[in-house]
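Read through the structure below, which is laid out as structure tokens, and then see the notes.
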Amino acid sequence: MDAVILAAGKSTRMKSKTSKIFHEVCGRPLIFYVVEALKNFKIHIIANPLNHEHLKNLFNFAKIHIQNQQKGTLDAVKCAIDDISSPYFAVVNADTPLIDGSDIEAAFEIAKTENSECVLITAVLDDPYGYGRIVQTKEGLKIVEEKEATEEIKKIKEINSGIYIFKTESFKKVMNLVKPSQTTGELYLPDVVGLLKNIKTLKVNARKILGVNTKKQLAEVRRIIQQRILDRFDDVSFVDPDSTYINYDVKIGSDTIIFPGVNIRGNTKIGRDCIIENGSVIENSIIGDNVHIKPYSVIEESCIANNCQIGPFAHLRPLSRLSENVRIGNFVETKKVEIGKGSKASHLTYLGDAKLGEDVNVGCGTITCNYDGYQKNETIIGDRVFIGSDVQLVAPVKVGDDALIAAGTTVTKDVEPFALAISRVPQTNKKDWVKKYRKAMEEKLGKKR
Ligand code: UD1
Ligand code: MG
């Protein structure tokens, strides 16, 4: 069966430079949810000259038809009509992402069994403002748009969802009889309905047909889709589901606990028995089992093996690969780094373009100086290396297994295994120096400290 998705509109009410169908909802563009609901159909998308290429890239399995001028929803359907071969076809607005594919399939069944020329999916809304109203007259059913409705019609709460099943043959017979709206000059698809016979309606829950025309409606729809995504994870604990943001493609293992304000985006996969604490943001990453991510950590395009501990306030930038039992503490930033099993960088450190072996201890304030103003250089650190506090490793540089780098050292040349590298100025303590200094200053300034 053919299904036509209308996506060529100008999105004026969205007040955005981006067409509303591309606004992001839980990690996917708004239109994705409509396409997903229609996965059992042969999909046609009505695009405009500005968005058709982007739509083609997103949905290469769909047939894209271009509506050159936005002359209304009926004009949009006409752009695909010659390509429709099934005896019945569906039309769905691209801005209605909460629809349920099974309702559309049920509407099809009604059309076929009742030999109806049109089945409309409708809903009853407490506040029907902005939607076309379903008006029953002696002659039959018709739809009246908000802009054209009388005060009496505006009181009707049953609305047109923008989802229709049409009998193809009947549609083609009447589609050219519709006159442009006197208010807007557009050709309205709902006006076709008034010209067809034996119209049936399928009333569905109001929450399934919310249309997105404004940013406020986008937020409302996003909240409902987010809720549906969280409902998939019946073996994961969300401490406060209302403040948890999990994208459509995310996978999470059982018994993982997610605290408030966590945002998990993109294609992230989280293992079992993990704890992800408040305010952490994880994007396109793979996290193993039993990993503890402490508050306010940011993890991007990284891979973390089982039993690691991260944060609080850690930043794992792209291509950070952590083996099992690694600990990354507060104010540690990593980027393009491989860290071997059991290694630790617990405080205030930058590790970039580096490879660290197993059981390495990285002291507080260590920096891999990877950038020379032209290119990134690599630091290689062997197994069981101990790096004291406040060490700079000026790359490219290698530190052999079991070496020890003394605190405060600037490493500028390779260190052999088991060696101590130390680059500090030797310490001297000058006895009673402070006493002499104070005396001299007080005599000079004529006042006590
Ligand atoms: C439309 C219906 C209204 C219904 C509501 C449900 C019309 C005239 N009205 O109103 O009865 O209650 O949806 O949400 O259809 N589009 C095109 N080409 C155009 C114009 C629009 O492709 O020339 C597309 C838009 O991108 C959008 C869809 O058609 O996805 C509906 O257009 P929109 O402007 O949102 O119509 P509504 O005012 O919401
Ligand atoms: Mg709309």
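The values are calculated or read from the model by the stated rules, or taken from the named source; none is laboratory data. Everything numeric here is computed off the predicted structure, so don't read it as measured data. Neighbour counts run over all protein chains shown; Cβ positions are idealised from the backbone, glycine included. With ligands, DNA and RNA removed, areas are computed over all heavy atoms of the protein, side chains included. Shrake-Rupley method; radii C 1.70, N 1.55, O 1.52, S 1.80 Å.
For segment 72-100, filtering for residues that are within 16 Å of ligand 2 (Cβ to nearest atom) and either of a type in the set (Val, Ile, Thr) or out of contact with any Asp or Glu (no Cβ under 6 Å at 6 or more places or on another chain) (or both) leaves 14. Considering only residues that are within 15 Å of ligand 1 (Cβ to nearest atom) and of a type in the set (S, T, N, Q), look in segment 206-233 and name the one that is nearest to Val25 (Cα to Cα). The qualifying residue nearest to Val25 (Cα to Cα) is Gln217. The sole residue among Lys294, Lys269 that is farther than 14 Å from Asn330 by Cα and either in contact (Cβ under 8 Å) with a residue 12 or more places away in the chain or open to solvent by 10 Å² or more (accessible area, probe 1.4 Å) (or both) is Lys269. Among the residues examined, Ala3 does not qualify as more than 18 Å from Tyr248 (Cβ to Cβ), buried (at least 21 other Cβ atoms within 10 Å of the Cβ), touching a residue at least 12 places away in the same chain (Cβ under 8 Å) and within 11 Å of ligand 1 (Cβ to nearest atom).
With respect to Ile43, is the statement that it is closer than 19 Å to Ile163 by Cβ and touching a helix residue (DSSP H, G or I) at 6+ places or on another chain (Cβ under 6 Å) true? Even if it seems obvious, please write down each step before you answer.
Working: closer than 19 Å to Ile163 by Cβ: yes; touching a helix residue (DSSP H, G or I) at 6+ places or on another chain (Cβ under 6 Å): no.
No.
Number of residues in segment 16-36 that are more than 14 Å from ligand 1 (Cβ to nearest atom) and over 15 Å from the mean Cα position of the chain (by Cα) equals 2.
With respect to (1) out of contact with any Gly (no Cβ under 8 Å at 6 or more places or on another chain); (2) among the polar types (S, T, N, Q); (3) open to solvent by 30 Å² or more (accessible area, probe 1.4 Å), the lone exception for Ser11 is condition (3). Could you count how many residues in segment 135-167 are open to solvent by 40 Å² or more (accessible area, probe 1.4 Å) and either near ligand 1 (Cβ under 10 Å from one of its atoms) or over 40 Å from the mean Cα position of the chain (by Cα) (or both)? Qualifying residue count, segment 135-167: 10.
What do you reckon, is Lys157 away from ligand 2 (no atom under 16 Å from the Cβ) and within 23 Å of Ile99 (Cβ to Cβ)? Yes; evaluated as a whole, the condition is true for this residue.
Considering only segment 244-266, how many residues are in contact (Cβ under 8 Å) with a residue 40 or more places away in the chain and on the phi < 0 side of the Ramachandran plot? Don't jump to the end; show me each part of the working.
Within segment 244-266, the first condition is being in contact (Cβ under 8 Å) with a residue 40 or more places away in the chain, and the residues that meet it are 245-250, 265-266.
Retained after the next criterion (residues that are on the phi < 0 side of the Ramachandran plot): 245-250, 265.
Residues in segment 244-266 being in contact (Cβ under 8 Å) with a residue 40 or more places away in the chain and on the phi < 0 side of the Ramachandran plot: 7 in total.
Summed over segment 310-325, the residues that are in a strand (DSSP E or B) and either acidic (Asp, Glu) or touching a His at 6+ places or on another chain (Cβ under 9 Å) (or both) give a count of 1. When Tyr131 is tested against (1) within 16 Å of ligand 2 (Cβ to nearest atom); (2) within 21 Å of Asn40 (Cα to Cα), only condition (2) is not met. The number of residues in segment 56-96 being within 11 Å of ligand 1 (Cβ to nearest atom) and under 26 Å from the mean Cα position of the chain (by Cα) comes to 5.
The lone criterion from (1) within 16 Å of ligand 2 (Cβ to nearest atom); (2) buried (at least 17 other Cβ atoms within 10 Å of the Cβ); (3) more than 16 Å from Tyr131 (Cα to Cα) left unmet by Ala206 is number (3). Selection of segment 345-357 for residues being crowded, with 20+ Cβ neighbours inside 10 Å and more than 28 Å from the chain's Cα centre (by Cα) yields Ala345, Thr349, Ala354, Leu356, Gly357.
Looking at this structure, is Lys112 free of Cβ contacts under 8 Å to residues at least 12 places away in the same chain, farther than 23 Å from Thr12 by Cβ, out of contact with any Asp or Glu (no Cβ under 9 Å at 6 or more places or on another chain) and of a type outside the set (A, V, I, L, M)? Outline the logic, then answer.
Numbers: free of Cβ contacts under 8 Å to residues at least 12 places away in the same chain: no; farther than 23 Å from Thr12 by Cβ: yes; out of contact with any Asp or Glu (no Cβ under 9 Å at 6 or more places or on another chain): yes; of a type outside the set (A, V, I, L, M): yes.
For Lys112, the condition - free of Cβ contacts under 8 Å to residues at least 12 places away in the same chain, farther than 23 Å from Thr12 by Cβ, out of contact with any Asp or Glu (no Cβ under 9 Å at 6 or more places or on another chain) and of a type outside the set (A, V, I, L, M) - is not met.
Among the numbered conditions (1) within 16 Å of ligand 2 (Cβ to nearest atom); (2) within 19 Å of Glu158 (Cα to Cα), the only one that Val193 does not meet is (1). The number of residues in segment 174-228 being closer than 16 Å to Leu98 by Cβ and touching a residue at least 40 places away in the same chain (Cβ under 8 Å) comes to 19.
Here Lys216 meets each of (1) open to solvent by less than 30 Å² (accessible area, probe 1.4 Å); (2) within 16 Å of ligand 2 (Cβ to nearest atom); (3) not in a loop (DSSP other than H, G, I, E, B) with one exception, condition (1).
Any residue at all in segment 422-444 that's open to solvent by less than 90 Å² (accessible area, probe 1.4 Å) and closer than 30 Å to Lys336 by Cα?
The first filter runs over segment 422-444 and keeps only residues open to solvent by less than 90 Å² (accessible area, probe 1.4 Å), leaving 423, 432, 434, 440-442.
Restricting the remaining residues to those that are closer than 30 Å to Lys336 by Cα gives 423.
Scanning segment 422-444, I find at least one residue that is open to solvent by less than 90 Å² (accessible area, probe 1.4 Å) and closer than 30 Å to Lys336 by Cα, so the answer is yes.
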